[in-house]
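Let me begin by presenting the structure, written as structure tokens, before commenting on it.
Read-outs: derived from the displayed coordinates by stated rules, not from any lab. Keep in mind that what you see is a predicted model, and the values were worked out from it rather than measured. Note: ideal-geometry Cβ built from the backbone for every residue, glycine included; neighbour counts use all protein chains shown.
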Amino acid sequence: MRIGVPKEIKTREYRVGMVPASVREAVRHGHEVLVQAGAGAGIGHGDAAYRAAGATILPDAAAVFAGAELIVKVKEPQPAEIAMLRPSQVLFTYLHLAADKPQAEGLMRAGVTAIAYETVTDRAGRLPLLAPMSEVAGRMSVHVGAHCLEKELGGAGVLLGGVPGVPAARVVVLGGGVSGTNAARVAMGMEAQVTVIDRSLPRLQELDLIFGARIQTLFATADAIEAEVTGADLVIGAVLVPGAAAPKLVSKALVSEMRPGSVIVDIAIDQGGCCETSHATTHDEPTYLAEGVVHYCVANMPGAVARTAAAALNNATLPAILAIADKGWRAALREDPYLAAGLNVHEGHLTHEAVARDLGIAALKRERALTEG
């Protein structure tokens, strides 16, 4: 199969769909990999490294899209990229369609088959292709939150870990999944006072066993969220409903009750955000003030640590890339129902029920897409 790896064009996005080590594995499997010139420059891999791995370097994205049967990316295709997609082509990348109806409609018009990293599951119901970036975003969220608490950034001028004689900042993490757990871990390491709120008692029990008395765990109720958020210095939104838009757990009214200069880092912004006052930002302009609270809502947070993030992502996605390329997308998804959960768009139809429901568009049964042809 001809696999295409274009250079990412989202603002300040330096990751790449396949690193040279992944290209080498694909070539060893007998596939041809077409890489856009400069695609890996942002993570320190020049064209020479890709050539050494067996890739063919093409001058621009148009050449990559025109020549490839399978397009492997990191972030959702931008409008200029959607225009280059075609029927019978397979797109494998993060999509986050539930919060992006224009993109969903564009992919449907293109007739492409789109498989989303973030809805691929495993036997335990986890999201293995989302997990690496959730780990990165969770750990980053505390670093950027601590920075945003500085006075120059509009924050209250609070040091996250405090100093002797001065209390540490209060950090509230909404969601105890992968990103929330990693956020809590780093926040504890910086000696903040940490509370994790989740609606799953089994997960809260697991966190209690992992971290013990170093964190406070609370069951998610409106009362608990209101009480903790209003007293927080830093709120990290880390909730996730696979494939669906994030629930709005923090209302505008609740944000208005937070202390001026406190900070919200909304990791869930890819899925629309879990705060009513959240809207997507970029690395160029990452923050804004709403109701006196600093909001950091960058939709591609891991792009700021591209070298680490690209390597971690490739570790997770490579087996799936090889399965799709070795067997063809339809056979690969038929054989692996967990990979099949990633199918979001096929020949003009949405095929993921949660995405379709949130966008108000009728869904094509996934089984029908897999049995055609």
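Among Val196, Val166, Val305, which comes first, second and so on when ranked by fewest other beta-carbon atoms within 10 Å? Write down the numbers at each step before the final one.
Details: Val196 28, Val166 9, Val305 18.
Ordered from fewest to most neighbouring Cβ atoms within 10 Å, Val196, Val166, Val305 come out as Val166, Val305, Val196.
So, in the range 1-155, how many Lys pairs have Cα atoms under 14 Å apart, if the pair is 8 or more places apart or on different chains?
Final tally of qualifying lysine pairs is 4.
Identify which of Ala52, Ala268, Ala245 has the largest mean-square fluctuation in a Gaussian network model of the chain, with springs joining Cα atoms closer than 10 Å.
Ala52
If a paramagnetic tag sat 7 Å from the Cα of Arg357 along the Cα-Cβ line, which residues of the range 73-101 would have the backbone N under 17 Å from that point?
The answer is 97-100.
Which one of Ala63, Ala340, Ala244 has the biggest mean-square fluctuation once the chain is modelled by GNM with Cα springs under 10 Å?
Of Ala63, Ala340, Ala244, the most mobile in the Gaussian network model is Ala63.
With a 10 Å cut-off between alpha carbons and a GNM built on the chain, which of Glu285, Glu226, Glu13 moves the most?
Evaluated over the chain, the most mobile residue of the options is Glu285.
Among Leu58, Gln216, Thr113, which residue has its Cα furthest toward the positive end of the charge dipole of the chain, with +1 on Lys/Arg Cβ and -1 on Asp/Glu Cβ?
Most positive-ward Cα: Leu58.
Output the relative contact order of the range 254-314, whole-number percent, from Cα pairs under 8 angstrom with separation of 6+ residues. Walk me through the intermediate numbers first.
Working: 87 pairs, mean separation 20.8, N = 61.
Relative contact order for the range 254-314 comes out at 34 percent.
Note the direction-averaged projected area, equal to a quarter of the hull surface, for the Cα convex hull of the chain, in nm².
About 18.3 nm², averaged over all directions.
Angle, helix 201-211 long axis vs. longest principal axis of the chain, Cα atoms, 0 to 90°, nearest 10?
The angle comes out at about 80 degrees.
How tilted is helix 101-110 with respect to the longest principal axis of the chain? Cα atoms for both, answer in degrees (0 to 90, nearest 10).
10
Given an 8 Å cut-off on Cα distances and at least 6 residues of separation, report the relative contact order of the chain as a percent.
Computed over the chain, the figure is 18 percent.
Once a ≥ b ≥ c are taken as the square roots of the eigenvalues of the Cα gyration tensor of the range 131-299, is the result rounded (a/c under 1.5), prolate (a/b larger than b/c) or oblate (a/b not larger than b/c)?
The shape class here is rounded.
Fewest first, what order do Ser256, Ser179 take by the number of other Cβ atoms within 10 Å?
Ser256, Ser179
Nearest 10 degrees, 0 to 90: what angle lies between the long axis of helix 178-189 and the longest principal axis of the chain (Cα atoms)?
The angle comes out near 40 degrees.
Based on the alpha-carbon gyration tensor of the range 251-298 and its eigenvalue square roots a ≥ b ≥ c, which shape applies: rounded if a/c is under 1.5, prolate if not and a/b is larger than b/c, or oblate?
Oblate.
Can you tell me the dipole magnitude for the chain around its Cα centre, using point charges on the Cβ only (Lys, Arg +1; Asp, Glu -1), in Debye to the nearest 20?
720
Under 19 Å Cα to Cα from Lys248, which aspartates and glutamates show up? Leave out anything in the same chain fewer than 8 places away.
Asp100, Asp198, Asp223, Glu226, Glu228, Glu257, Asp266, Asp270, Glu276, Glu291, Asp358
How large is ³J(HN,Hα) for each residue in the range 235-251, as worked out from phi by the Karplus curve 6.51 cos²θ - 1.76 cosθ + 1.60 (θ = phi - 60°), to whole Hz, x for Gly and Pro?
So the Karplus estimates, Gly and Pro as x, are 10, 10, x, 10, 8, 8, 10, x, x, 9, 5, 5, x, 7, 8, 10, 7 Hz.
Taking only C-alpha pairs under 8 Å that are 6+ residues apart, what is the relative contact order of the range 131-299 in percent?
21
For the range 129-135, just list the computed ³J(HN,Hα) in residue order, Karplus coefficients 6.51, -1.76 and 1.60, θ = phi - 60°, integers in Hz, with x standing in for Gly and Pro.
Those phi angles translate into 8, 8, 3, x, 6, 5, 4 Hz.
Of Ala131, Ser141, Gly273, which is farthest along the charge dipole of the range 131-299 in the positive direction, counting Lys and Arg as +1 and Asp and Glu as -1 at C-beta?
The Cα lying farthest towards the positive end belongs to Ala131.
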